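Structure record follows, encoded as structure tokens.
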Amino acid sequence: MTTDGGRPGEAEGSSPALSDRRDERPRSREPQPREQLSRVPGPVSGGASFQEMWRELAPVGRHRETGGYRRYAWTPADADCRAWFRQQAEARGLTYEADRNGNQWAWLGDPTAGDAVVTGSHLDSVPDGGAFDGPLGVVSSFAALDELLARGARFARPLALVNFGDEEGARFGLACVGSRLTSGQLTVEQAHRLTDAEGITLPRAMEAAGYDPDALGADPERLGRIGAFVELHVEQGRALDLSGDRVGLASAIWPHGRWRFDFRGEANHAGTTRLEDRRDPMLSYAETVLAARREAELAGAVATFGKISVEPNGVNAIPSLVRGWLDSRAADQVTLDQVVGGVEKAARAYAEAHGIDLDVVRESFTPVVEFDHALRDELTRILGAAAAGGDGAGGDDGGLRVPVLGTGAGHDAGILSSSIPTAMLFVRNPTGVSHSPAEFAAEDDCVAGVLALADALEGLACR
Ligand SMILES: [Zn+2]
């Protein structure tokens with residue numbers, strides 16, 4: 001595919017007009033299904049178009065050997081994803097624009113009218129990521145729109161589909177850069193300092209991809225025109241698989257943080273130093289890893305030492321320093337404090353026993369994100385009513401249940417929730433595996449997600 005030359009603020013393509021609920025316009029101004037959509041069979045057109053789009057996007061940025069995706073921000077693979085988004089928008093006659101922070105938007109109706117309903121996710125990936133984290137939400141957004149047009153939906157509010165830039169932070173080390181910039185949670189100065197492993201700064205990378213980095217910055221005016229944001233995402237856990245539901249609603253994003261544990265001992269010869277003479281920080285680090293597991297199990301939380309650095313890092317040397325990073329997440333702040341406090345207490349006891357100095361530094365922290373209760377209640381009602389009509393969005397038994405679950409993963413929806421009413425839909429992931437080529441969702445479940453999203457958008461945006 002070709003690269004996307006979209007500039008911030010650029011708007012192209014004509015949009016099918018829609019009637020504004022504050023302005024009773026004639027019916028002829030309602031969105032009309034375009035010619036290219038007419039080949040999609042009904043009534044589940046969202047399902048058919050989903051499969052077609054999924055096949056198109058599947059090879060983009062896929063690594064031949066690992067089978068994983070390497071769609072990093074502002075790389076050629078990312079440009080191909082962006083070109084795909086723009087092409088999907090223009091094929092439907094939507095108004096396409098890339099905003100000042102490089103997020104892509106496709107509008108049905110007047111982008112300036114206000115009170116818009118927005119849905120979407122991201123197309124970038126972690127290193128060797130799966131196919132579903134992000135793209136499922138973007139592809140489902142287009143498919144849900146197709147489904148609504150096939151239903152002859154009459155829109156009362158503008159609808160926008162969005163692809164947020166650089167959600168995973170794989171290249172510059174900070175997640176949700178596009179939504180953080182837009183919501184003002186990342187300043188322009190901070191963004192300018194972001195640098196990739198090759199020393200390329202974010203502004204230079206954006207410039208190379210054809211975007212104007214001078215335009216970066218908070219966009220309150222844009223957020224002010226949005227009445228609700230709904231992000232559909234593959235579940236990154238097994239709650240839906242265990243409950244037997246295809247689709248669920250998010251309650252909250254767990255509070256989470258990263259803590260650095262520095263265990264300092266004494267470097268010495270691995271062959272000649274008697275065991276009783278050693279001050280080996282690896283021992284207290286190893287015991288701390290086990291303590292983290294124990295504390296997390298006791299509290300029903302998660303705690304992970306996934307990154308470590310060792311000095312001098314020689315196979316025949318007792319280490320002088322072991323630095324381990326703890327990532328911990330829990331359903332609430334009290335539990336998280338309890339887990340991390342427990343791990344630190346254990347680490348101090350082990351360090352003392354081995355004559356090791358220990359420093360613990362909190363490197364980052366994100367408090368709990370509660371999604372908008374009113375929007376969630378409204379979506380529960382909408383999806384419950386739709387499931388009662390038997391369109392497959394509910395449980396396997398066609399019941400009314402729309403489970404509400406918390407998540408330990410961060411999302412653009414979490415970032416935006418401090419600015420606008422936000423909700424998330426999760427689609428069942430049978431293994432719970434994510435950020436890996438093994439990430440998976442069954443096609444039936446994806447289609448159920450598309451229909452649930454279509455129901456949600458219809459309930460929110462249509463009369
Ligand atoms: Zn994601």
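The figures follow:
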read-out	value
Magnitude of the charge dipole, the chain, Cβ model with Lys/Arg +1 and Asp/Glu -1, debye to 20	240
Fully extended contour minus Cα-Cα distance, from Thr431 to Glu363, at 0.36 nm per residue	21.4 nm
About the Cα centre, charge dipole magnitude for the stretch 257-364 (Lys/Arg +1, Asp/Glu -1 at Cβ), debye	180
In nm, spacing of pseudo-spin labels at Arg274 and Glu52 (7 Å Cα→C-beta vector)	7.9
Farthest positive-ward along the chain dipole, Cα basis, beta-carbon charges - from His233, Gly61, Ala116	Ala116
Of His435, Gly129, Gln104, farthest towards positive along the dipole that unit charges on Lys, Arg, Asp, Glu beta carbons give the chain	Gln104
Rounded, prolate or oblate (a/c below 1.5 giving rounded, otherwise prolate when a/b exceeds b/c) for the stretch 211-277 by Cα gyration tensor	oblate
Longest to shortest principal axis, alpha-carbon extents of the chain, angstrom	88, 50, 40
Folded to 0 to 90 degrees: helix 443-461 orientation relative to the chain principal axis, Cα	60
Length-normalised contact order for the chain - Cα pairs under 8 Å, 6+ apart - percent	20
Cα-based equivalent ellipsoid, the stretch 327-463: semi-axes from gyration tensor eigenvalues, Å	40, 18, 13
Potential lengthening between His192 and Arg64 on full extension [0.36 nm per residue; Cα-Cα distance subtracted]	42.8 nm
Computed magnitude of the charge dipole of the stretch 113-222 (debye, nearest 20; Cβ of K, R +1, Cβ of D, E -1)	400
Kirkwood-Stokes translational diffusion coefficient of the stretch 257-364, alpha-carbon pairs, 37 °C, 0.692 mPa s, µm²/s	234
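Every read-out reported here was derived from the displayed coordinates using simple, explicitly stated rules and does not represent laboratory data. Because the structure is a prediction, the values reported are computed rather than measured. Cβ sites come from the backbone with ideal geometry, for glycine too, and all protein chains shown count toward neighbours.
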